[in-house]
1. Sort A:Glu103, B:Glu7 so the one with the fewest other Cβ atoms within 10 Å of its own Cβ comes first.
2. Tell me, A:Ser88, A:Ser63, A:Ser93 in order of fewest to most beta-carbon neighbours within 10 Å?
3. If you wrap a convex hull around the alpha carbons of region A:1-95, what volume per residue comes out, as a whole number of Å³?
4. What value, in deg cm²/dmol to 500, does the helix sum -39500 (n - 2.57) over DSSP H runs of n ≥ 4 give at 222 nm once divided by the residues of chain A?
5. Give a residue-ordered list of calculated ³J(HN,Hα) values for region A:33-41 (Karplus: 6.51 cos²θ - 1.76 cosθ + 1.60, θ = phi - 60°; whole Hz; x for Gly, Pro).
6. Roughly how many debye, to the nearest 20, is the charge dipole of region A:74-137 about its Cα centre, given +1 on each Lys and Arg Cβ, -1 on each Asp and Glu Cβ, and no other charges?
7. Ranking A:Arg157, A:Arg47, A:Arg57 by Cβ neighbours within 10 Å, fewest first, what do you get?
8. Quick one: which residues, 5+ away or cross-chain, put their amide H under 5 Å from the amide H of A:Gly83? H built at 1.01 Å from N.
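What follows is calculated from the coordinates using simple rules that are stated; it is not laboratory data. All values reported here derive from a predicted model rather than from experimental measurement. Counting neighbours? That spans all protein chains shown, and the Cβs are built from the backbone with ideal geometry, glycine included.
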Amino acid sequence: AQQCNGIYIWKIENFSGLQRAQEEERPVVIHSPGFYTGKPGYKLCLRLHIQLPNAQRCANFISLFVHTMQGEYDSHLPWPFQGTIRLSILDQSEGPERQNHEEVMEAKPELLAFQRPTIHRNPKGFGYVTFIHLQTLKQRTFIKDDTLLVRCEVQTRLDLNS
Amino acid sequence: FPPVPTEDEYMD
């Protein structure tokens, strides 16, 4: 999936099916398709967990991570990846009081998660174990037509230099 | 307090 200025929207449909699996204590881990931060740009993907009700410290939380992937521009890009990543779960309500749930994180170039991937997807990701609690999802229209929208907005050091 | 991002390993 290509980008419009470094923003990617991941549509997660049949979200109630994932919640049912979690309630039945079945692990829920899904990955987004790979997407590029630009042309040229880094190839990334997202990983989402719905933590089980009996998980230590993070029970019933949605975890959200970013992984680097092998991309077609890798040999022309500076490594490690440096930049700012904003992760959001979008409030799908109409009206002015719409409020996304979001976190902004700075890439840490010393971490393996931001080194150039040597296999299809870097096994190391970076993000939040406790991104949002399932109860918080109910407080706004984060789920509409049984679909959750996760947005990833990437501002790479590359963009800043160019 | 806002959550702190961490590195997390996952392999299929």
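1. Numbers: A:Glu103 18, B:Glu7 14.
In increasing order of surrounding Cβ atoms, one gets B:Glu7, A:Glu103.
2. A:Ser93, A:Ser88, A:Ser63
3. Values: hull volume 13.6 nm³, N = 95.
Output value, Cα hull per residue: 143 Å³.
4. When only DSSP H runs of four or more count, the value is -2500 deg cm²/dmol.
5. 3J(HN,Hα) across region A:33-41, in whole Hz: x, x, 9, 9, 7, x, 10, x, x.
6. Its charge dipole is roughly 360 debye.
7. A:Arg57, A:Arg157, A:Arg47
8. Amide H neighbours of A:Gly83, under 5 Å, 5+ apart: A:Ala107, A:Arg157.
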